[in-house]
Amino acid sequence: MEEREGEVRWDGLCSRDAASRAAALDNIGQVVLRRSETIAPVAAVPLSRAADGPLVPAARDGLSEVLARLLMLSKRCPFPDVREKSEAILSRVQELGIRIPRPLGHGPSRFIPEKETIQVGNEDAMMHALFAESFATLGRLDNVTLVMVFHPQYLESFLKTQHYLLQMDGPLPLHYRHYIGIMAAARHQCSYLVNLHVNDFLHVGGDPKWLNGLENAPQKLQNLGELNKMLAHRPWLITKEHIEQLLKTEENSWSLAELIHAVVLLTHYHSLASFTFGCGISPEIDCEGGHTFRPPSVSNYCICDITNGYHGVDEIHTSPTASIPVSSTESVCEVEALMEKMKQLQECRDEEEASQEEMATRFEREKRESMFVCSSEDEESAPTRDVSRHFEDTSYGYKDFSRHGMHVPTFRVQDYSWEDHGYSLVNRLYPDVGQLLDEKFHIAYNLTYNTMAMHKDVDTSMLRRAIWNYIHCMFGIRYDDYDYGEINQLLDRSFKVYIKTVVCTPEKTTKRMYDSFWRQFEHSEKVHVNLLLVEARMQAELLYALRAITRYMT
């Protein structure tokens, strides 16, 4: 009797009830072993000769995808019973002479050594609760979660917001939500997020034809392409006319509530693409690039892995400073110098306050200078075909704007702010989401452990504000009460290059950029920086879109 992939039911594994998980695992084990037995004679070659035969004998009947999923569960499921049984099923399959997959890479991030991240199975009770919640709602414990968990308070808020946007009652149908996530992530060629949401889109009943390109999706979604493009790269260009066009196109029109939902999803996934590249998130184990069916060689990797960019343990597990030779004394001096500048700036604040004219001049100077901050590794990187098909006009990006010397108009927060305007608009049209976003913004902005590298009891509020305001400054957003002269004092060039790249062209972020700023700081502190970048970017995009919607409504 022929078994099909659809008969492998994974849903029961997300249950918090051990008996339900055990029943699901038994069913999965039976289906996988029956399928394996039907192809075992084809694949039964000595393992020592396997590399000479067909690469993936398990590819028949979709078995390779099922085995990759079991590999992921054996490594990344928060429930020990699922990890152990998944590993046992894989061992049984291997005993039948079928090659099973193994993970590529080491850990959830290419930038952070695996030994410095939380290992699944070794987490404390609070983290386990977060992992279990994530697994129960998403059906996976993804690499983004495993890096964000450096900051559990933020992760909890992030997961709650994302769950609400994707799965709870709302204006948009579930498959539209995932397709919009694909469109947004594809703007930055973020194949990591695109792959995840392609799977989710199909799981909730999305039409596979839509995945052949945006032109195959409904006209209503195609109409969103222009807004997606501007939000991702030049949000200051969004006008009430763009909003009117979406709301008044006859049978393909959006309602205001649907549009708010779409805008929040687009900004969420643009900024999450920044986090994915900024923290060097690795492909998921069960996705393309996360596993291989090739056997390991004596040196633990084979030539095919090298040509695909997957290298040995020694290269991956380098220390944060390995690629940037620097003495520890120099790095310590870097931290001390930054703390001294913070102290001096605080003293200057207490002694004198610049005039409004001077504050405005400093803002304009910083905004202008931010246009010319660019990476020395700024080479062209063509989007891969599989990702670029999800959006139109692949040439449109932030760099085109900055290099043509065009002017970003100033957006005064005093005239339109999240707290006084955006929050209430979102909450009115998409209840509870304004509250969830507000909580997430505040946690990211106020999060502190009062530490800086090896120093404790440090007030980091001045530094956090400088990072947040620098990002908003790049988008033309000005706070009248902030002295933008502080930014140049607190953020050095390598840090500005990293921020600008992660926020504006995240797909160009490199490990060297990550390693070159704050060389003596912990990885958790660099992840904290990325949380600030994510939320400041998301809020900046939202402010422009919501202001245009408000102008349309009035």
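The values are calculated or read from the model by the stated rules, or taken from the named source; none is laboratory data. Quick caveat, the model's predicted, so the values are computed rather than measured. Neighbour counts run over all protein chains shown; Cβ positions are idealised from the backbone, glycine included. Just so you know, the surface numbers come from the protein's heavy atoms only, side chains and all, with ligands and any DNA or RNA stripped out. Shrake-Rupley method; radii C 1.70, N 1.55, O 1.52, S 1.80 Å.
The length gained by stretching the chain between Glu364 and Leu174 to full extension, at 0.36 nm per residue less their Cα-Cα distance, is 64.1 nm.
Leaving out ligands and nucleic acids, and using a 1.4 Å probe, what accessible area per residue does region 437-540 come to in Å²? Before the final figure, lay out each step's value.
Details: 2900 Å² over 104 residues.
So region 437-540 comes to 28 Å² accessible per residue, rounded to a whole number.
Placing a label point 7 Å from the Cα of Glu419 along the Cα-to-Cβ direction, the residues of region 461-486 whose backbone N falls under 13 Å of that point are 479-482.
Figure the gain on full extension for Ser461 and Lys160 (residue separation times 0.36 nm, minus the Cα-Cα span) and round it to one decimal in nm. Walk me through the numbers before you get to the answer.
Values: separation 301, 0.36 × 301 = 108.36 nm, distance 2.57 nm.
Fully extending the segment from Ser461 to Lys160 adds 105.8 nm.
Using heavy atoms of the protein chains and a probe of 1.4 Å, the accessible area assigned to Phe277 is about 40 Å².
The distance linking region 208-240 with region 479-539 is 28 Å (Cα centroid to Cα centroid, whole angstrom). Summed over all non-identical Cα pairs, the Kirkwood treatment of region 409-536 gives a radius of 16.0 Å.
Figure note: Glu486, Glu250 ranked by solvent-accessible area, largest first, 1.4 Å probe, ligands and nucleic acids not counted: Glu250, Glu486.
Once the Cα-Cα distance is subtracted from the 0.36 nm per residue extended length, the His442 to Asp26 segment shows a gain of 145.3 nm.
Could you please state how large a percent of the accessible area of region 453-533 is carbon and sulfur, counting protein chains only and using a 1.4 Å probe? Intermediate results must be reported in sequence, preceding the final value.
Values: 970 of 2230 Å².
Ligands and nucleic acids excluded, carbon and sulfur reach 43 percent.
In the structure shown, the pairs Lys456/Lys526; Lys341/Lys500; Lys209/Lys229 are assessed against 24 Å; each Cα-Cα span is contained within that value.
Would you mind getting me the FRET efficiency between Gln356 and Thr38? Use the beta-carbon distance for r and R0 = 51 Å, nearest 0.05.
Numbers: r = 78 Å, r/R0 = 1.52.
So the FRET efficiency works out to roughly 0.05.
Cross-link partners for Lys115 among the lysines, with Cα-Cα distance under 16 Å and sequence neighbours closer than 8 places in the same chain left out: Lys75.
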